[in-house]
Amino acid sequence: MTAHHRIARPLGLTLMTLAVSACGGLPLPLSPVPTATIFSGQVENGTNANPLPTTVTIVGTNLQGATLDFGGEGPGTALNINSAGTVLTVTAPPNRAGRRPVIVSTPNGKVNAGVYTFRQPTPRPTVYLLTAYPTSGLITGGTTVTLAFDGNLTYNPATPAGFTLPDVYFGAARATSVTPPVQILSGEERYTITAVAPAGTGFVDVTLRCPVASCYTFSTTNSVPFRYVP
C-alpha cells in the first residue's frame, strides 16, 4: 500500500490565504485619475479681426485616451498624446470671443486644465463657467466651492422682480447656500460665487442654471468637473 504524506502549510500562509478568500480576492488597484495643466497656448493667436488657430499644449499624468472640450464649444482638432500620457497637444476650435475652461476627460475621470481665451470681435454676454475650487470634496457633501465665471447673470426682470441667484448643480443634485456674485475686476464681467456641495459620488459636472422661466444670457451654462472622495 502506498503511503500518502500530507505536506504541512505554514500557519501564516494559511491565515493569509483564508483572509484573501474571505474578502473575495486581492484588492483592485486604484484607477489612474488624470492631472492636467495648460503649459502653453492659453490665448488664441492673431488679432480680433483675424484670429488664427492655436496649438494648445497640456502637461499632466494619465492622459492616455483623453478627449477635450473647450467650454462646450468643441474638442479641437489634431489631438496628439504621447505614449507616457504626460503631454497632450491640440488645435483649438474656432469659437466666439471670450474665455473658456479646457476640460480633459479620460476613462478614469475629468480635470479642468485651465482657461483658454478666444480672440474674436463683439463678445456675447453669455455666461461661461471657468473654474471650481476646490476641485473635490467629501461624498457626504458640505464642501464650500467657489465658482468663477465670465458674463452677466441677467434674468427676465418680470419673473421674479429684482436679482435672483442662479441654481448651482453638482450633477443632478442642487447645491445649497449659494452666495451672490462678487465682481473680480472692476469694469469687467468676471465674477465668483460660492455654493455648498450636496452629497454625491464619483465625478460630476457642475453647472449654473437659470432659476426662472427665461434668462437673457443663459439657461444652463457649460460645466466644470468636481470629484467626490470618501
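The values are calculated or read from the model by the stated rules, or taken from the named source; none is laboratory data. Remember, predicted model here, so these are calculated numbers, not experimental data. Cβ atoms come from the backbone with ideal geometry, glycine included; neighbour counts cover every protein chain shown.
In the list THR131, THR117, THR126, THR57, which residue meets the criterion of being without any contact (Cβ under 8 Å) to a residue 40 or more places away in the chain, among the hydroxyl-bearing types (Ser, Thr, Tyr) and either farther than 16 Å from VAL204 by Cβ or part of a strand (DSSP E or B) (or both)? Give the derivation first.
Working: THR131 fails: without any contact (Cβ under 8 Å) to a residue 40 or more places away in the chain; THR117 fails: without any contact (Cβ under 8 Å) to a residue 40 or more places away in the chain; THR126 fails: without any contact (Cβ under 8 Å) to a residue 40 or more places away in the chain.
It is THR57.
Those residues that are buried (at least 16 other Cβ atoms within 10 Å of the Cβ) and outside any loop (DSSP other than H, G, I, E, B), I need them from segment 68-84; list them, please.
LEU68, ASP69, PHE70, ILE81
Taking THR17 and the conditions (1) at pLDDT 95 or above; (2) over 20 Å from SER105 (Cβ atoms), which numbered condition does it fall short on, given that it satisfies the others?
With respect to (1) at pLDDT 95 or above; (2) over 20 Å from SER105 (Cβ atoms), THR17 is out only on (1).
Out of the residues in segment 116-167 that are out of contact with any Pro (no Cβ under 7 Å at 6 or more places or on another chain) and among the small types (Gly, Ala, Ser), which is modelled with the lowest pLDDT?
ALA158
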